[in-house]
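The values are calculated or read from the model by the stated rules, or taken from the named source; none is laboratory data. None of the values given here were measured: they were computed from a predicted structure. Methodologically, a virtual Cβ is constructed for each residue, glycine included, from the backbone with ideal geometry; neighbour enumeration extends over all protein chains shown.
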Amino acid sequence: MEKISIIGAGTMGNGIAQVFAMNNYKVNLIDLNLDSLSKAIGTISINLDRMIKKDVISEDQKLLFLDNLSTSTNIADAKSSKLVIEAVTENIEIKLKIFQELDQLCSSETILATNTSSISITEIAAATNREDKVIGMHFMNPVPIMKLVEVIRGRKTSDQTTNTIIELSEKIKKIAIEVNDYPGFIANRILLPMINEAIEALHTGVAKVQNIDSIMKIGMGHPMGPLQLADFIGLDVCVSILEVMHEGLKDIKYAPSDLLKNMVKSGKLGVKSGEGFYDYSNGKKAQIVAKQFQ
C-alpha cells in the first residue's frame, strides 16, 4: 500500500494525511473545497515546522514529507489507491454516498476504511459490493500525537482486511486495537457518557466548569478535564455521537444533555467556534477563561 487516499481535509483528514506522509506513503488528500485543501497543507506545514524547532525532524525531511502529499477536489482520483480512508463529517448519508462512489471507482482489491467515531461499519459496508473489505480506522485527535487507532470490524469484515489494517497501523507507528461494531465502539461508548454526565453536573449546579475539570484532572489523573475535552472534540460532534449511541443502544443514559444541545443550537461549539464551556476568543494559546454557568 504505497499510495493512500484520504477523503476529507478537515482536522482528522489532514492529521491522518500527515502521519502517512511522514511514514513515506504517497498520500492523495481529497476534498470538494479547495480552500479546505489549502488550509490542510498549511496546517501540516506548521506542524512540521514545530517539529523542526524541537529538533525532531530536519528541514530536508519536512520537504520530503510535503512532497509525499498531493491534493485533489475530484473523488475519482482515489481510484488507483489500495487503501482509501474516509474522514468527513459524522453524517451517515454523506458517508454512504461516498462509499457508494468509491465502490464503483476503486479496484475490487481496494480496502475502504472510515474514520467514523460512532457510526455502524456494517451499515456503511452494506452500501458497497465489498463488505469484507470495509473497516473502521478510528484515529484519535490530534492524529500526529495520539498513538491509538481503534480498528472496528463490521459484521462481514474479513480477517485478511483486519490483519492488513492492523499491520499498516503499526507501520505508521500507531497502536491498533481491534473492537467489534457496536454504537460508539469502545472509546466513545465510555468517554462520551462521562462528558455528558459532567455537563449534567454543571447544568444542575453541582460545581462550576473549572472545578469539575480540576477534580477529574487532580483526582482521576486525566490530562484534560471532560468539559475542556468536549470543547476540543467539538460540542456538535459530542451531540452527534451521543445521538448515534442513544438511537443504536436504545438507552436513555446516552441521550445528550439539554445544556449540550442548547449550546450547539446557539453556535457555541468549543474551540472551533471560539466559545464553548471556555472562552477561546483570544486564541487557543491565550489563557482560557471559564464561563460561569449557574
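Of the residues in region 35-62, how many are surrounded by 11 or more Cβ atoms within 10 Å (Cβ to Cβ) and without any contact (Cβ under 8 Å) to a residue 60 or more places away in the chain?
Within region 35-62, the subset surrounded by 11 or more Cβ atoms within 10 Å (Cβ to Cβ) is 36-45, 47-52, 57-58, 61-62.
When the remaining residues are screened for being without any contact (Cβ under 8 Å) to a residue 60 or more places away in the chain, the result is 36-45, 48-52, 57-58, 61-62.
The total comes to 19.
For region 196-204, the criterion of being at pLDDT 95 or above, buried (at least 21 other Cβ atoms within 10 Å of the Cβ) and polar (S, T, N, Q) is satisfied by at least one residue.
Would it be correct to say that residue 115 is crowded, with 16+ Cβ neighbours inside 10 Å and either over 21 Å from residue 27 (Cα atoms) or touching a strand residue (DSSP E or B) at 6+ places or on another chain (Cβ under 9 Å) (or both)?
Yes.
Yes/no matrix, rows are residues, columns are (1) of a type in the set (A, V, I, L, M); (2) over 22 Å from residue 92 (Cβ atoms); (3) surrounded by fewer than 19 Cβ atoms within 10 Å (Cβ to Cβ):
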site: 132; (1), (2), (3): no, no, yes
site: 137; (1), (2), (3): yes, no, no
site: 143; (1), (2), (3): yes, yes, no
site: 147; (1), (2), (3): no, yes, yes
site: 153; (1), (2), (3): no, no, no
site: 160; (1), (2), (3): no, yes, yes
site: 164; (1), (2), (3): no, yes, yes
site: 171; (1), (2), (3): no, yes, yes
site: 175; (1), (2), (3): yes, yes, yes
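Which fully enclosed helices (runs of 4 or more DSSP H) of region 96-208 have 1 or more residues being under 17 Å from the mean Cα position of the chain (by Cα) and free of Cβ contacts under 8 Å to residues at least 24 places away in the same chain?
Working: elements: 121-125, 159-171, 187-203.
Filter on region 96-208 gives 187-203.
Is it true that some residue in region 153-160 is closer than 23 Å to residue 175 by Cβ, modelled with pLDDT of 95 or more, touching a Ser or Thr at 6+ places or on another chain (Cβ under 6 Å) and not assigned by TED's automatic domain parsing to the domain that holds residue 245?
Pass one, region 153-160, residues closer than 23 Å to residue 175 by Cβ: 153-154, 157-160.
From the residues that got through so far, the ones that are modelled with pLDDT of 95 or more too are 153-154, 157-160.
Add one more test, that the residue is touching a Ser or Thr at 6+ places or on another chain (Cβ under 6 Å), and what stays is 153-154.
Okay, now just the ones that are also not assigned by TED's automatic domain parsing to the domain that holds residue 245, so 153-154.
Checking region 153-160: at least one residue is closer than 23 Å to residue 175 by Cβ, modelled with pLDDT of 95 or more, touching a Ser or Thr at 6+ places or on another chain (Cβ under 6 Å) and not assigned by TED's automatic domain parsing to the domain that holds residue 245.
Residues in region 230-240 that are modelled with pLDDT of 95 or more and out of contact with any strand residue (DSSP E or B) (no Cβ under 9 Å at 6 or more places or on another chain): 239 alone.
In region 12-34, which residues are among the polar types (S, T, N, Q) and crowded, with 17+ Cβ neighbours inside 10 Å? Steps first, answer last, please.
Applying the first criterion (among the polar types (S, T, N, Q)) to region 12-34 yields 14, 18, 23-24, 28, 33.
Answer for region 12-34, where residues must be among the polar types (S, T, N, Q) and crowded, with 17+ Cβ neighbours inside 10 Å: 14, 18, 28.
Candidates in region 246-294 are the residues that are within 15 Å of residue 230 (Cβ to Cβ) and among the aliphatic types (A, V, I, L, M); of these, the one that is modelled with the lowest pLDDT is 290.
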